[in-house]
Structures are given as structure tokens and as C-alpha cells.
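First the structure, in the form of C-alpha cells, and then the observations on it.
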Amino acid sequence: MPEELVKQLQPVNKSANGFLNSLRPLETNTLYGIGEFLFEALHMPGHSDGHICFYNREEQILLAGDHLTRETIPYISYHGYGNENPLSSYLDSLKSMQKMKISLVLPGHGPIFTDAQARITEILHIMKIG
């Protein structure tokens, strides 16, 4: 969550302030140990302004969260703050993801899958972009 948004939310949700104050930002393009592998944090906005995917280049594993799933397209909407065109950001993120070598996708919802490039192409085609 962007630091500025954390500050904006503090007066609104006092019960979560302890949690919000304990958050530490992830740095994009930084490696993080997850289990026995190192994953790079990649900023992939669209579903949310601060959406992060994690990618292991050696094994070509993508921890996709809600950004890329087999069965659905993520909910994308402008919420009155932040990015004014989250759909454009999502499509740009997918186009950059098209350039990645991905052998396994672990999404936040639905089944694990191995045909990331086909799924990205399918979503772009649905959106009349690809």
C-alpha cells in the first residue's frame, strides 16, 4: 500500500491504525526470500494501484495474486483516489508480463496454471488490445 494512502486512511479507520503503522513498504525490483526461492517484487498495477507480483527468474514461477488468474479477469475500478485509469495500467502491466518467461502461475484465486502467455493473449484479445 502506498505510504501516502496509509496516511490518508489513518483518520478513517482508527481500529486498523496499529496494523497500518506496522506495515513496511515492499521495494519493487528487489529480491525477497519466499520459502527456498528468491522472488523479485514487480509492480503490476490495475487491480489495485500498489499490486505486487513476485517472480522467480530461475524457475520462471509467478506469484500472480489477483493480477493473472485462469478463470477470471480481476476487478478493476477507479475508487475516487489514486490512478485515474486503472484499466490502462492493468493492460500495460499485462503487456509487460507478456515479455516474461513464465512456466508456472500461482494465482490468488483459482487453479494453478502453466499457459500464462496464452491466458495473457486471451485477456488482451477480450479487451480488443492484442
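The values are calculated or read from the model by the stated rules, or taken from the named source; none is laboratory data. Remember, it's a predicted structure, so these values are computed and weren't measured experimentally. All accessible areas refer to the heavy atoms of the entire protein, side chains included, with ligands and DNA or RNA removed. Shrake-Rupley method; radii C 1.70, N 1.55, O 1.52, S 1.80 Å.
Points worth noting:
- Taking every protein chain into account, the accessible area of the range 62-130 amounts to 56 square angstrom per residue (probe 1.4 Å).
- Remark: the range 70-79, residue by residue, has Karplus-estimated 3J(HN,Hα) of 6, 10, 9, 9, x, 5, 10, 7, 7, 9 Hz, where x stands for each Gly or Pro and the curve is 6.51 cos²θ - 1.76 cosθ + 1.60 at θ = phi - 60°.
- Computed from backbone phi, the HN-Hα couplings of the range 83-88 come to 4, 7, 9, x, 5, 4 Hz, rounded to whole numbers (Karplus: 6.51 cos²θ - 1.76 cosθ + 1.60, θ = phi - 60°; Gly and Pro given as x).
- Ignoring aspartates and glutamates fewer than eight residues from K128 along the same chain, the ones with Cα atoms less than 19 angstrom from its Cα are E71, D92.
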